[in-house]
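Visitor: Here's a structure for you.
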Amino acid sequence: MPACNLSSRTKYIKPMDLAEQYSISKAQVYKLLAMPIFKDAIFKPSEKTIRVDQEKVHSIMKQYFNN
């Protein structure tokens, strides 16, 4: 059986989970995600649902809010 690199899997979370993680409201999360800099962190599995790459959002927020 070939080796599988599980560490390269991206963890996508719901925007509500992101809101709970950063202790902000749902509306604030969607305002953040509407910004063009977060475009790469958003994954849309269907037309109505949104998932967010947790690591990318964290790194973008670090860069954006530290300036």
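The values are calculated or read from the model by the stated rules, or taken from the named source; none is laboratory data. Values in this document were obtained by computation on a predicted structure and should not be read as measured data. Note that each Cβ is placed from the backbone with ideal geometry, even for glycine, and that neighbours are counted across all protein chains shown.
Visitor: When the residues of the stretch 1-53 are narrowed to those that are aliphatic (A, V, I, L, M) and more than 11 Å from the chain's Cα centre (by Cα), which ends up modelled with the lowest pLDDT?
Guide: The extreme case among them is M1.
Visitor: Within the stretch 13-34, take every residue that is free of Cβ contacts under 8 Å to residues at least 12 places away in the same chain and in a loop (DSSP other than H, G, I, E, B) and give me the one that is surrounded by the fewest Cβ atoms within 10 Å (Cβ to Cβ).
Guide: The qualifying residue surrounded by the fewest Cβ atoms within 10 Å (Cβ to Cβ) is S23.
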